[in-house]
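Have a look at the structure below, then the notes.
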Amino acid sequence: MNFKVINKADYSIISSAVDKLNLSNASELKSIILTINKANVNNIIIDLAESSYCDSSGLSALLSANRLCKNSNGKFTLTGLQPNVKKMIEIAQLHRVLSITENLEQAEKEIL
């Protein structure tokens with residue numbers, strides 16, 4: 001499995017176990033996000049600490065999570081960004097749209 005899900009009382013954490021978040025696994029991430037959202041979980045944290053690369057397919061999955069959370073009056077937080085992933089998000093100007101924290105502890109405080 002490429003992603004690990006931890007369900008908490010008011011939110012879920014999706015941790016990436018892939019080095020590259022790309023076309024080969026972004027659809028799996030989207031599917032997990034949809035499943036969580038359909039289970040009435042409106043607050044999602046995605047931890048990319050293990051991912052050193054993200055392409056446009058990965059960015060699309062992250063934007064889908066953000067949209068689903070917002071549409072259900074929830075919160076979406078991205079955390080654990082490696083330098084290359086952070087740079088890609090900044091180039092795409094997504095840091096202006098997405099809530100991003102340095103680590104999981106900060107993300108959990110922010111989402112509550």
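General observations
- The set of residues from the stretch 3-16 being among the hydrophobic types (A, V, I, L, M, F, W, C) and surrounded by 13 or more Cβ atoms within 10 Å (Cβ to Cβ) comprises Phe3, Val5, Ile13, Ile14.
- Of all residues in the stretch 71-95, those that are assigned to a loop (DSSP other than H, G, I, E, B) and either among the acidic types (Asp, Glu) or in contact (Cβ under 8 Å) with a residue 12 or more places away in the chain (or both) total 8.
- Qualifying residue in the stretch 50-66 (condition: polar (S, T, N, Q), touching a Cys at 6+ places or on another chain (Cβ under 7 Å) and surrounded by fewer than 22 Cβ atoms within 10 Å (Cβ to Cβ)): no
- Tally, over the stretch 70-93, of residues that are charged (D, E, K, R) and closer than 26 Å to Asn40 by Cα: 2
- For the residues Leu23, Leu94, Leu34, Leu81, the requirement of being buried (at least 19 other Cβ atoms within 10 Å of the Cβ) and either over 11 Å from the mean Cα position of the chain (by Cα) or not polar (S, T, N, Q) (or both) singles out Leu81.
Read-outs throughout are calculated quantities, based only on the coordinates presented, and are distinct from any laboratory measurement. Since the model is a prediction, treat every value here as computed from it, not as a measurement. Ideal geometry is used to build each Cβ from the backbone, glycine not excepted, and the neighbour counts take in all protein chains shown.
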